[in-house]
1. Quick one: in segment 100-142, of everything that is out of contact with any Leu (no Cβ under 8 Å at 6 or more places or on another chain) and among the charged types (D, E, K, R), which residue is nearest to S49 (Cα to Cα)?
2. Check whether at least one residue in segment 128-141 is surrounded by 14 or more Cβ atoms within 10 Å (Cβ to Cβ) and of a type in the set (D, E), and report yes or no.
3. Filter segment 81-118 down to residues that are in a helix (DSSP H, G or I) and in contact with a strand residue (DSSP E or B) (Cβ under 6 Å, 6 or more places away or on another chain) and give me whichever is surrounded by the most Cβ atoms within 10 Å (Cβ to Cβ).
4. How many residues does segment 40-58 contain that are within 15 Å of N97 (Cβ to Cβ), of a type outside the set (A, V, I, L, M) and modelled with pLDDT under 90?
5. Filtering segment 15-31 down to residues that are in contact with a strand residue (DSSP E or B) (Cβ under 9 Å, 6 or more places away or on another chain), among the aliphatic types (A, V, I, L, M) and at pLDDT below 90, which residue is nearest to G133 (Cα to Cα)?
6. Being modelled with pLDDT under 80 and small (G, A, S) is the filter; apply it to segment 59-69 and report the residue that is surrounded by the most Cβ atoms within 10 Å (Cβ to Cβ).
7. Would you check which residues across segment 119-135 are in contact with a strand residue (DSSP E or B) (Cβ under 8 Å, 6 or more places away or on another chain), in a loop (DSSP other than H, G, I, E, B) and in contact (Cβ under 8 Å) with a residue 60 or more places away in the chain and list them?
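The values are calculated or read from the model by the stated rules, or taken from the named source; none is laboratory data. These numbers come from a predicted model, not from an experiment. Quick reminder, even Gly has a Cβ in these numbers, built from the backbone with ideal geometry, and neighbours come from all protein chains shown.
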Amino acid sequence: MAADTVFAASGIVGLPPAASVDDLRRSAALLVAGAPPVGFARLEVVDSSAHLEQLSVHPSAMRQGHGARLVRAAEHWARQTGFTTMTLITFRDVPWNAPFYSALGFAPIDELTPELGRLREHEKHALGLDALGARVVMHKHL
């Protein structure tokens, strides 16, 4: 995926493959930015929270506000769907990851719900994401 190429500048290489078309179809919501599309937000339901599974913006369209608009649209979808919180898991030290989400009102959490804990363990052991960089679980009250 083109958006993953920017991680190489932070020393993060070997990311897991992008979601398949079937994975995207099974998402709780898939929000798209731009015409033609330049980015998307993929949402799932994890325990009783909306979960931002993936936010991706094409490198040619980065730093133009698409990511922030997608996060706000995801929050709107979550509120309209009846969720009161949104969670995500991201790289802690990559500027366009945890610091970006912090600026949008997300905060790190240590206590994980059962399903969020299983997702975190899957990322760590099955996907090997912790070997690529420090990870953080974040949430936001909507």
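1. Restricting to residues being out of contact with any Leu (no Cβ under 8 Å at 6 or more places or on another chain) and among the charged types (D, E, K, R), the top hit is E115.
2. Within segment 128-141, not a single residue is surrounded by 14 or more Cβ atoms within 10 Å (Cβ to Cβ) and of a type in the set (D, E).
3. Looking at residues that are in a helix (DSSP H, G or I) and in contact with a strand residue (DSSP E or B) (Cβ under 6 Å, 6 or more places away or on another chain), I get Y101.
4. 1
5. Restricting to residues being in contact with a strand residue (DSSP E or B) (Cβ under 9 Å, 6 or more places away or on another chain), among the aliphatic types (A, V, I, L, M) and at pLDDT below 90, the top hit is A18.
6. Here the answer is A61.
7. Answer for segment 119-135, where residues must be in contact with a strand residue (DSSP E or B) (Cβ under 8 Å, 6 or more places away or on another chain), in a loop (DSSP other than H, G, I, E, B) and in contact (Cβ under 8 Å) with a residue 60 or more places away in the chain: L132, G133.
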